[in-house]
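The values are calculated or read from the model by the stated rules, or taken from the named source; none is laboratory data. Computed from a predicted model, the values in this text were never measured in an experiment. When we count neighbours, we look across all protein chains shown, and the Cβ atoms used for this are built from the backbone with ideal geometry, even at glycine.
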Amino acid sequence: MIVNLTKDGWEVIYQRAHALLAAQLGGQWQRSNAPVRLYEIIAAISQHDDLEKEWTDNHLTKSGAPLDFTLSQTPPEVSLEKLKKHLENFCYRGRWVTMLISMHICFLHQNRKEVSDNWHDFLETQVKDQQQWQKELGISQEEAERAYQFMQWCDRLSLILVQRQVPEDGRALEITSGICQQRYDLRCLENKHLNVEPWPFEDSEFTVNVECCHLSDLKYDDNQALIKALKQAPITNLEWTFAKK
């Protein structure tokens, strides 16, 4: 879950909803400059957080507050088994999507390579699998890397939005510089519309959205109490309009 503190309690956005927002952003990309197999990349973006299950595991801090995903600490060997099953499920969606998810997993867990032999072997196997998939799909490593950098770009911009990190007073915030080493900056305009420089999208203006739950209590006795509150919580749509200058 993505958890933001508000003046009235907590704002909770599920990670799978954040992934759908990232896919909306990817779908707006300029077609003439899009990476290969764009629609499959968008499918991977929309599903890359499917491992997160809102009603399982612990979702509370020690003080009883809803647990933001950045504070979650799943034991390495437990998360490894989940990742293996996660990748197995993606194989049914095709090699291209599975390759991108595999690349994302390697990026997120690269620092665990020395945690254990199991992690080392898992991550090494992923790299070999990615190379094999690229060969079978007839794409270069450069094409695969650009596709993944595009996926990261969409993921990063979505996180900036749902974590309420858009800067104020017209200040710029870098999204990433991964796509062909091009830097992209996000800026809030005077009319509250958002602008990306340079403009990478097909349309000159569009709106994206994500659903958000609102919790009024600051802390909960246990996970079941939190789950009940989330299922009964008011839901609103958060919207952002992007506009080219």
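Structure data summary
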{"item": "Pair list, Cβ < 7 Å and 6+ apart or interchain, from segment 106-135 residues that are under 19 Å from SER79 (Cα atoms) and in contact (Cβ under 8 Å) with a residue 40 or more places away in the chain to residues that are surrounded by 12 or more Cβ atoms within 10 Å (Cβ to Cβ) and aromatic (Phe, Trp, Tyr)", "result": "none"}
{"item": "Number of the exception - GLU142 against (1) in a helix (DSSP H, G or I); (2) in contact (Cβ under 8 Å) with a residue 12 or more places away in the chain; (3) not β-branched (Val, Ile, Thr)", "result": "(2)"}
{"item": "Number of positions in segment 24-65 that are over 23 Å from PHE206 (Cβ atoms), touching a helix residue (DSSP H, G or I) at 6+ places or on another chain (Cβ under 7 Å) and at pLDDT 95 or above", "result": "0"}
{"item": "Selected residue (criterion: nearest to ALA144 (Cα to Cα)) from residues of segment 183-196 that are under 20 Å from the mean Cα position of the chain (by Cα) and surrounded by fewer than 16 Cβ atoms within 10 Å (Cβ to Cβ)", "result": "ARG183"}
{"item": "Single condition ALA147 does not satisfy, out of (1) more than 30 Å from VAL12 (Cα to Cα); (2) hydrophobic (A, V, I, L, M, F, W, C); (3) in a helix (DSSP H, G or I)", "result": "(1)"}
{"item": "Residue in segment 224-240 that is surrounded by 14 or more Cβ atoms within 10 Å (Cβ to Cβ), of a type in the set (Phe, Trp, Tyr), touching a Phe, Trp or Tyr at 6+ places or on another chain (Cβ under 9 Å) and under 21 Å from LEU161 (Cβ atoms) present", "result": "no"}
{"item": "Residues satisfying the stated conditions in segment 4-22, i.e. touching a Cys at 6+ places or on another chain (Cβ under 7 Å) and within 20 Å of GLN149 (Cα to Cα)", "result": "ALA22"}
{"item": "Verdict on TRP199 being at pLDDT 95 or above, under 21 Å from HIS18 (Cα atoms), aromatic (Phe, Trp, Tyr) and within 23 Å of the chain's Cα centre (by Cα)", "result": "no"}
{"item": "Of all residues making up segment 68-117, the number that are at pLDDT 90 or above and either surrounded by 13 or more Cβ atoms within 10 Å (Cβ to Cβ) or not in a helix (DSSP H, G or I) (or both)", "result": "14"}
{"item": "Where a residue in segment 2-14 is part of a loop (DSSP other than H, G, I, E, B) and its partner, wherever it lies, is buried (at least 20 other Cβ atoms within 10 Å of the Cβ), with Cβ under 7 Å and at least six apart", "result": "TYR14/MET1"}
{"item": "Residue satisfying condition, being β-branched (Val, Ile, Thr) and in contact with a helix residue (DSSP H, G or I) (Cβ under 7 Å, 6 or more places away or on another chain), within set ILE160, ILE175", "result": "ILE175"}
{"item": "Segment 28-41, residues that are within 18 Å of ILE101 (Cα to Cα) and either among the basic types (Lys, Arg) or not in a loop (DSSP other than H, G, I, E, B) (or both)", "result": "ARG37, LEU38, TYR39, GLU40, ILE41"}
{"item": "Top-ranked residue in segment 151-208 [being of a type in the set (S, T, N, Q) and in contact (Cβ under 8 Å) with a residue 60 or more places away in the chain; ranked as farthest from ILE42 (Cα to Cα)]", "result": "GLN163"}
{"item": "Residues within segment 4-19 that are surrounded by fewer than 20 Cβ atoms within 10 Å (Cβ to Cβ) and either among the aliphatic types (A, V, I, L, M) or under 14 Å from ALA44 (Cβ atoms) (or both), tallied", "result": "2"}
